[in-house]
Amino acid sequence: MSVQTERADAVPAAGTGKTGAPPPGEGQNPTRERGGASAPYLLLLPALAATAVLLGWPLVKNGMLSFQNLNPRQLILHLTEWNGIDNYQEVLSGSDFWNVVVRTVVFTAANVVLIMVFGTLVGLLLARLGKRMRLTLLLGLVLAWAMPMIAATTVYQWLFAQRFGVVNWILDKLGWHSMADYNWLGSQFSTFSVVTLLIVWQSVPFVAINLYAATTTISKELYEAAALDGAGAWKSFTSVTFPFLRPFLWATTFLEIIWVFKSFTQLFAMNQGGPDRLTETLPVYAFVEGVGNQHFGMGAAISFLTILILLALTAYYLRTVIKQEEDEL
């Protein structure tokens, strides 16, 4: 009888494990489960609140200003004069706005093409260099990337100065004596050339470092297999490297389009949109019309239209990415 009693006591009760604890999933508190599911959203609340305050509210204020007639008189007298869509009608009906839009698109396209070509080449070069040379080049790229925009613009102004610029002095020594006193900021094309060189110089490090990081994710076995199949350097790039880099190239190109499209500091600090306002892009045009001419409602309308153009580009990019993901599935 004693043995039977011990065996009966050793049998676990129904609904419990060998240790006497209930199996997983039983006896848990539903309130605790709901709290755990909502924890990620609670952690996002500070970031969402900061985004709403720092980005959302200025955007709303800018939208409200675009529907007002706001000049120095209204500011001094603290008047709020709503004029509906008059600012937008005046902007969209004038030829100046559309000329600036075309100029901005061409300027952005030229810069992005140069940035992506040189950035990709430098990124591929980083992947092939030795450790010491790669570290040296990366250090130079990071230093160029970290330089403040105003400081970089000032350096380029010194380099391309008309009388004492290093570029004119070098060209003169090389035999182009007509370039000794050349005014690089005296025409639209030359001004855009200097600004383009500055923007490309500042942007190439970002693209190069991103693409170099992407190349480190490509397995070496794929290159070995391509080499066994008789693929040369170009064939290995088109069949192995480029398919892996395509998502990175697409994302980086989109980021560079936005960055160049909204660039303001370099253009305004270089020549204030001159000569004769021929190098104004949309951000510079909005600033000159709003702050420069003290027609703040007009400047707000131009800046809001610029935001809408960037939102349209973003929507197109997201649509393309989603379509690519669907095709891969």
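Can you name the residue in the range 292-329 that is open to solvent by 60 Å² or more (accessible area, probe 1.4 Å) and closer than 16 Å to Gly63 by Cα and is also farthest from the chain's Cα centre (by Cα) among such residues?
Result: Leu308.
Among the helices (runs of 4 or more DSSP H) confined wholly to the range 236-329, which include 1 or more residues that are in contact with a Leu (Cβ under 7 Å, 6 or more places away or on another chain) and either farther than 30 Å from Asn71 by Cβ or touching a residue at least 24 places away in the same chain (Cβ under 8 Å) (or both)?
Numbers: elements: 242-261, 265-271, 282-287, 296-328.
It comes to 242-261, 265-271, 296-328.
Among the residues of the range 165-181, which ones are hydrophobic (A, V, I, L, M, F, W, C) and either surrounded by 12 or more Cβ atoms within 10 Å (Cβ to Cβ) or closer than 16 Å to Val194 by Cα (or both)? Show your work before the answer.
Let us first name the residues in the range 165-181 that are hydrophobic (A, V, I, L, M, F, W, C), namely 166-167, 169-171, 174, 176, 179-180.
Those that are hydrophobic (A, V, I, L, M, F, W, C) and either surrounded by 12 or more Cβ atoms within 10 Å (Cβ to Cβ) or closer than 16 Å to Val194 by Cα (or both): Val166, Val167, Trp169, Ile170, Leu171, Trp176, Met179, Ala180.
Identify, from the list Leu59, Leu79, Leu44, the residue that is farther than 18 Å from Met298 by Cα and either in a helix (DSSP H, G or I) or modelled with pLDDT under 85 (or both). Before the answer, list the steps.
Values: Leu59 fails: farther than 18 Å from Met298 by Cα; Leu79 fails: farther than 18 Å from Met298 by Cα.
Only one candidate qualifies: Leu44.
I want to confirm something. Restricting to the range 80-126 and keeping residues that are open to solvent by less than 70 Å² (accessible area, probe 1.4 Å) and without any contact (Cβ under 8 Å) to a residue 12 or more places away in the chain, which single residue is farthest from Thr281 (Cα to Cα)?
Checking each candidate, the answer is Gly94.
What single numbered condition from (1) of a type in the set (Ser, Thr, Tyr); (2) touching a Leu at 6+ places or on another chain (Cβ under 8 Å); (3) open to solvent by less than 20 Å² (accessible area, probe 1.4 Å) fails to hold for Ser203?
Just one mismatch for Ser203, condition (2).
Could you tell me whether the range 256-276 includes any residue that is closer than 25 Å to Ile218 by Cβ and open to solvent by less than 40 Å² (accessible area, probe 1.4 Å)? Walk me through it before giving the result.
First, pick out the residues of the range 256-276 that are closer than 25 Å to Ile218 by Cβ: 256.
Subsequent filtering for residues that are open to solvent by less than 40 Å² (accessible area, probe 1.4 Å) retains 256.
Yes, the conditions are met somewhere in the range 256-276.
Report whether or not Ser193 is open to solvent by 20 Å² or more (accessible area, probe 1.4 Å), part of a helix (DSSP H, G or I) and under 19 Å from Asp276 (Cβ atoms). Steps first, please.
Values: open to solvent by 20 Å² or more (accessible area, probe 1.4 Å): yes; part of a helix (DSSP H, G or I): yes; under 19 Å from Asp276 (Cβ atoms): yes.
Taking the combined requirement at face value, the residue satisfies it.
Conditions tested, residue by residue: (1) under 27 Å from Ile209 (Cα atoms); (2) small (Gly, Ala, Ser).
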residue	(1), (2)
Ala109	yes, yes
Gly140	yes, yes
Ala146	yes, yes
Met149	yes, no
Trp158	no, no
Gly165	no, yes
Asp172	no, no
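Working only within the range 204-230, note down all residues that are in contact (Cβ under 8 Å) with a residue 12 or more places away in the chain and either within 18 Å of Thr154 (Cβ to Cβ) or part of a loop (DSSP other than H, G, I, E, B) (or both).
Of the residues in the range 204-230, the ones in contact (Cβ under 8 Å) with a residue 12 or more places away in the chain are 204-212, 214-218, 222-223, 226.
Across the range 204-230, the qualifying residues are Thr216, Thr217, Ile218.
Return the total of residues in the range 135-161 being in contact with a helix residue (DSSP H, G or I) (Cβ under 7 Å, 6 or more places away or on another chain) and either without any contact (Cβ under 8 Å) to a residue 24 or more places away in the chain or not in a helix (DSSP H, G or I) (or both).
Residues in the range 135-161 being in contact with a helix residue (DSSP H, G or I) (Cβ under 7 Å, 6 or more places away or on another chain) and either without any contact (Cβ under 8 Å) to a residue 24 or more places away in the chain or not in a helix (DSSP H, G or I) (or both): 3 in total.
Hey, can you tell me all the residues within the range 62-76 that are in a helix (DSSP H, G or I) and surrounded by 10 or more Cβ atoms within 10 Å (Cβ to Cβ)?
So the first thing to find is which residues in the range 62-76 are in a helix (DSSP H, G or I), and the list is 62-65, 72-76.
Hits for the range 62-76 are Asn62, Gly63, Met64, Leu65, Pro72, Arg73, Gln74, Leu75.
Mind listing whichever residues of the range 242-255 are surrounded by fewer than 17 Cβ atoms within 10 Å (Cβ to Cβ) and in contact with a Phe, Trp or Tyr (Cβ under 7 Å, 6 or more places away or on another chain)?
Once the filter is applied, which keeps residues that are surrounded by fewer than 17 Cβ atoms within 10 Å (Cβ to Cβ) and in contact with a Phe, Trp or Tyr (Cβ under 7 Å, 6 or more places away or on another chain), the range 242-255 yields nothing.
What about Ile302, is it of a type in the set (A, V, I, L, M, F, W, C) and farther than 27 Å from Ala208 by Cα? Spell out how you get there, then give the answer.
Values: of a type in the set (A, V, I, L, M, F, W, C): yes; farther than 27 Å from Ala208 by Cα: yes.
It is true that Ile302 is of a type in the set (A, V, I, L, M, F, W, C) and farther than 27 Å from Ala208 by Cα.
The values are calculated or read from the model by the stated rules, or taken from the named source; none is laboratory data. Since the model is a prediction, treat every value here as computed from it, not as a measurement. For neighbour counting, all protein chains shown are included, and Cβ atoms are generated from backbone atoms with ideal geometry for every residue, glycine included. Please note that ligands, DNA and RNA were not included when accessible areas were found on the heavy atoms of the full protein model with its side chains. Shrake-Rupley method; radii C 1.70, N 1.55, O 1.52, S 1.80 Å.
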